[in-house]
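Some notes on the structure that comes next.
The values are calculated or read from the model by the stated rules, or taken from the named source; none is laboratory data. Small disclaimer: the values here were computed from a predicted structure and weren't measured. Glycine also receives a Cβ, built like all others from the backbone with ideal geometry; neighbour counts cover every protein chain displayed. Areas reflect the complete protein model, heavy atoms only, side chains present, ligands, DNA and RNA absent. Shrake-Rupley method; radii C 1.70, N 1.55, O 1.52, S 1.80 Å.
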Amino acid sequence: MPTSPFRLSQRALSLKPSSTVAVSSRALELRRSGVDVISMSVGEPDFDTPPHVKAAAVRAIGEGKTKYTAVNGVAELREAISAKFARENGLTHAPGAVTVTSGGKQALFNAFFALLNPGDEVLIPAPYWVSYPEMVALTGAVPVAVPTTPESGFVLDPGEVEARVTPRTRMIVLNSPGNPTGAVFPPDVLEAVARIAQKHDLVIVTDEMYEHLVYDAEQVSIGRYAPEHTLTVNGASKAYAMTGWRIGYAGGPEGVITAMNAFQSQSTSNASSVSQYAALAALTEYEETARFIEMARNAYRERRDRIVAGLNELGLPTPTPQGAFYVMADTTRIHPDELEAARILLDDARVAVVPGTDFAAPGQVRLSYATGLEQIEEVLRRIGGVVG
């Protein structure tokens, strides 16, 4: 029997397999067999893309805007993003210091590969979105978790950041409002982290994808405090319910953006042309977009309040998130191991959640409340049947 020439690279072998695969596979298996499983794991809005955004995409198709664009995005969109940064975030990024990508994840990927070398250390507040440490590790850099606690609402302690700075530290990654915790870092925390970056000459990469989904807190871009040290990443997915359109963007020092564009030119090239014109409408047709955001935010706030109250009443300690559309629930009452707790919730309650294993959140699971109140009530009823 000849041996296969397809030997996986060390980079591919270094990717950590997801600990949630077994739970996800089991949920799919149950659904295929006709079992009514309610998924609380989806990380995307349940609202449809706003009508004015869809109409702009239809116009773009009708006008033949279906060809390649510049690698870094059409000029009109980059100009609109530049204006958005100034208007909403107090940031100054000229259109030449802005790049458009195929989703926020690609912007992060391009940034990490443009800025990191093997052996560099990257500080990442935990619990964290699962892709941050994996993308960092792919560059040969070393992700370093900075713990936060449920008692603080998962708000970052700048002292914990400073304590982990070494001569090899190169970057701090921030995500506020955050996935999976919904934490919003207050202005004084961000200002303190900015001072740390300036003191140690560190890069800050801030992922602000959930910036418009903030409820009882103040959302501030850390780039206001350390503009020369900050790369700001955002996108159309969460605020405008455009997850499938795959539009992300970033603004920062022009030299960094140029390097990111070079990586993009040798990988995906430009983001979808039609999606770019749809995002342009979201950013420039202000009144319609603002109404949509306000409607969605009010709905999420109501859902958040119900699911947090319900989970706490069931004896599953759950801090109140200040942003995004996720809660982190302590499921040690169900089982000390979060993977086993997630399995029990799936098999016995028919509720699919995301175990905190890959978020660096032992004993906890993530639930998304990007779903209707009626479904949330049913989820609470089902979980109540398990915890007693």
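Which ³J(HN,Hα) values, rounded to whole Hz and listed in residue order, are derived for segment 122-133 from phi using the Karplus coefficients 6.51, -1.76 and 1.60 in 6.51 cos²θ - 1.76 cosθ + 1.60 with θ = phi - 60°, glycine and proline given as x?
Using θ = phi - 60°, the values come out as 10, 8, 9, x, 10, x, 10, 5, 4, 7, 4, x Hz.
For segment 134-227, run through the trypsin sites (Lys or Arg not before Pro) and keep only the ones in DSSP coil with at most 13 other Cβ atoms within 10 Å of their Cβ.
Loop-located and lightly packed - 168.
For segment 231-364, what is the charge dipole size about the Cα centre, in debye to the nearest 20, if Lys and Arg each add +1 at the Cβ and Asp and Glu each add -1 at the Cβ?
The calculation lands at about 200 debye.
When only the heavy atoms of the protein chains count and the probe is 1.4 Å, how do 15, 231 rank by accessible area, highest first?
Largest to smallest exposure gives the sequence 15, 231.
Put +1 on the Cβ of every Lys and Arg and -1 on every Asp and Glu Cβ in the chain; which of 205, 267, 28 then has its Cα farthest towards the positive end of the dipole?
Of 205, 267, 28, it is 267.
How far is it, in nm, from the label point at residue 201 to the one at residue 166 when both lie 7 Å from their Cα along the line to the Cβ?
1.9
What is the packing order of peptides 262-272, 61-71, taking the mean over residues of other C-beta atoms within 10 Å and listing the highest first?
262-272, 61-71
Suppose every Lys and Arg Cβ carries +1 and every Asp and Glu Cβ carries -1, with no other charges. What dipole size does the chain come out with about its Cα centre, to the nearest 20 debye?
It works out to roughly 1080 debye.
Taking springs between alpha-carbon atoms closer than 10 angstrom, which of 13, 373, 116 fluctuates most in the Gaussian network model of the chain?
13
For residue 91, list long-range residues whose amide hydrogen, built 1.01 Å from N in the peptide plane, is under 5 Å from its own amide hydrogen.
86
Can you work out the Karplus-derived ³J(HN,Hα) for every residue in segment 243-253? Use 6.51 cos²θ - 1.76 cosθ + 1.60 with θ = phi - 60°, whole Hz, and x for glycine or proline.
Each residue of segment 243-253 in turn: 4, x, 7, 6, 10, x, 7, 8, x, x, x Hz.
How much accessible area per residue does the chain have, in Å², with a 1.4 Å probe?
That works out to 42 Å² per residue.
Using a 1.4 Å probe over the heavy atoms of the protein chains, calculate the carbon and sulfur portion of the accessible area of the chain as a whole percent.
54
Exceeding 30 Å between C-alpha atoms, which entries from my cross-link table qualify? They are 65/105; 16/65; 16/84; 16/199; 84/105; 54/84.
The answer is 16/65; 16/84; 16/199.
Could you list which residues have their amide H under 5 Å from that of residue 235, counting only those 5 or more apart in sequence or on another chain, with H placed in the peptide plane?
Close amide H contacts, sequence-distant or interchain: 249.
Mind listing the long-range amide H neighbours of residue 230? Cut-off is under 5 Å, sequence gap 5 or more, other chains count too, H placed in the peptide plane at 1.01 Å from N.
Close amide H contacts, sequence-distant or interchain: 204.
Would you be so kind as to identify which of 300, 280, 314 lies farthest towards the positive end of the dipole of the chain, taking Lys and Arg as +1 and Asp and Glu as -1 on Cβ and the Cα centre as origin?
280
Accessible area of residue 102, 1.4 Å probe, to the nearest 10 Å²?
Taking all protein chains as shown, residue 102 has close to 40 Å².
For the chain, give the share of DSSP beta bridges that are antiparallel, in percent and rounded to the nearest 5; count only bridges with both residues there.
The antiparallel proportion sits near 45 percent.
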